[in-house]
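Shown next, in structure tokens, is the structure this report addresses.
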Amino acid sequence: MEPQSKRRKEAESDNADSWVALPVLSDQQSQDTELISAFAAPITDKKETSRLIKELRCLYPLTGLQHIKRVRSRKPADGLHSPEVLVCLVSDAPDVDLHSESLAIDSLLPSNSVGLDGLGPPFLVKIPAFPPLTRPQFQVASKHWPTTFHEDKQVTVALRGELFSQPQKARMQGYMEAALAAARAGGGLGSGQEPVGAAMVDPKEERIIAVGHDCRGGNPLHHAVMVCIDLVARGQGGGAYRFEEYPACTAALSLTSSHSKPASETSKTIARVVDEGQPYICTGYDLYVTREPCVMCAMALVHSRIGRVFYGTASSDGALGTRYKIHTQKDLNHRFDVFKGVLGQQCKDLYGLKDPIKH
Amino acid sequence: MGTETEMNADLKPGFYPTDEEIEKWMASAFEMAKDALENGEVPVGCLMVYNNEVVGKGRNEVNETKNATRHAEMVALDQVLEWCRHGDVDPQSVCVRTVLYVTVEPCIMCAAALRLLNIPVVVYGCGNERFGGCGSVLDVSTAQLPHTGTAFKCVAGYRAQEAVEMLKAFYKQENPNAPKPKPRKD
């Protein structure tokens, strides 16, 4: 299953610094910080702070904004040391004239609800509407108003492009090189194949399970990802496609596979294999594919319970980042991590071979 | 669901199915779904009809092939392509005049596959809240995807309750191949 010659590996090994695998995050994790308008007021007497927070919270609980800190302390660098408290959202006080020169604090607070001692004149601020999910979002949000932040350290490291160590990157590069070699072999066959390749990897055993390429010349639905999924099934004693014409599409036979068994026994066999802790179809496997999968292929990976997906370059109707983010789709019963950019330039260069429009 | 969506608008006469056709072909699709249920597969059955002829049919074959993408529609689409190869006819010209009859809304993957082959009309029974690609989870059927074939029309809701009951009967049995459910993190 070693698809690349040693010489080629050495020649390309110095490219490991030429690419970065970046995570493809959900819209919620990657969107710009949305802001909403609110009124804040300086606390002129710090001794009143806890009483003011308590009474304001009672009057204006700021439902749905649990990430917002009620009080911010001005930095000493500003020259002013007085803390500021969030009074209410602009939408909580619909009758207040925002354009009035001097806003009175009692216009925001019904009489007797909050004692006004220690509270200065209110002013407008923008506060983040949603809790920040990533460090970049947190940094932007904090410029407007302080929020809580439950940091996912792995996401932070991944966004810096530092999630994978050098030895890991070298292995990842080897897997993508196998996909690239398959893409070239498939594209070289002519008859309608697009230059796309994929490799299925068992990351625990650091082993390539299957390598395939786009076979749409024979069947328009046999995209590289679909081919790879079927090769995995074949390796487990199943499979539905025919590969006689495609010698570059290969599967490693799983040790637990049992093709000699009659079809009636196969589902029993899977059940047994699952009991022994063996993977359900592609559970725990990583897929390396030269370009971002289409909608069909992305959903096929959900059905196959893929572990992670690494792709080289984006595609215009791509469903793992470009057009959809199926791997983060709410309502689906399986989600997974996706990284893009592994050997991105080499993957892009495949289209120099033919038909540059389609990618 | 339950109503005909955006029908008749710009479909040429000839491959918009009549009520009689829907009744006739959906009856066959339901028979296939029952067969799937009796064989321990997810009870979905489908037919692909071209010129009043069945050119493809399928039921779920996931367990049998150990390939989670072998849904009824994918099996049937492969048969349509095979039928074209045998008859030496252009698949493109056949697919654009072929109607899919299926007991359950196609999933996101199958909806994309139907687009890639330019199938113009899909008649289905019940919606698919778990995976549906014709509006339930995503609407792949009508989305702007210029590199993913053509959009298609749906006629939804025919014998929907019956299709739901079959799915319920299946999910009540234990699926020995399903992975153990993990608690949701969010």
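The values are calculated or read from the model by the stated rules, or taken from the named source; none is laboratory data. This is a predicted model, so every value here is computed, not measured. Here the Cβ positions follow ideal geometry from the backbone for every residue, glycine too, while neighbour counts run over all protein chains shown. Surface accessibility is based on the protein's heavy atoms, side chains included, excluding ligands, DNA and RNA. Shrake-Rupley method; radii C 1.70, N 1.55, O 1.52, S 1.80 Å.
Pop a pseudo-label 7 angstrom from the Cα along the beta-carbon direction at both B:ARG130 and B:GLU38 and give the gap in nm to one decimal.
2.3 nm
Taking the highest mean first, how do the peptides A:22-35, A:150-163 order by number of other beta carbon atoms within 10 angstrom per residue?
Output ranking for A:22-35, A:150-163: A:22-35, A:150-163.
Working with all protein chains in place, sort A:ARG234, A:ARG308, A:ARG72 by solvent-accessible area computed with a 1.4 Å probe, largest first.
A:ARG234, A:ARG308, A:ARG72
Using a Förster distance of 25 Å, how high is the FRET efficiency between A:GLN166 and A:ASP32, based on the Cβ-Cβ distance and rounded to 0.05?
Plugging the Cβ-Cβ distance into 1/(1 + (r/R0)^6) gives 0.15.
Evaluate the Debye formula for region A:142-204 with equal point scatterers sitting on the alpha carbons, no solvent, and hand back log10 of I(q)/I(0) at q = 0.23, 0.26 Å⁻¹, in q order, two decimals.
For region A:142-204, the Cα-only Debye profile gives -0.98, -1.06.
Give me the accessible area of A:TYR324, 1.4 Å probe, in Å² rounded to the nearest 10.
Surface accessible to solvent at A:TYR324 totals approximately 30 Å².
Take the residue pairs A:LYS69/A:LYS340; A:LYS143/A:LYS169; A:LYS340/B:LYS168; B:LYS34/B:LYS153 and return only those whose Cα atoms are more than 30 Å apart.
A:LYS69/A:LYS340; A:LYS143/A:LYS169; A:LYS340/B:LYS168, as the Cα separations exceed 30 Å there.
Using alpha-carbon pairs under 8 Å, 6+ residues apart, how would you state the relative contact order of region A:56-204 in percent?
This gives 17 percent for region A:56-204.
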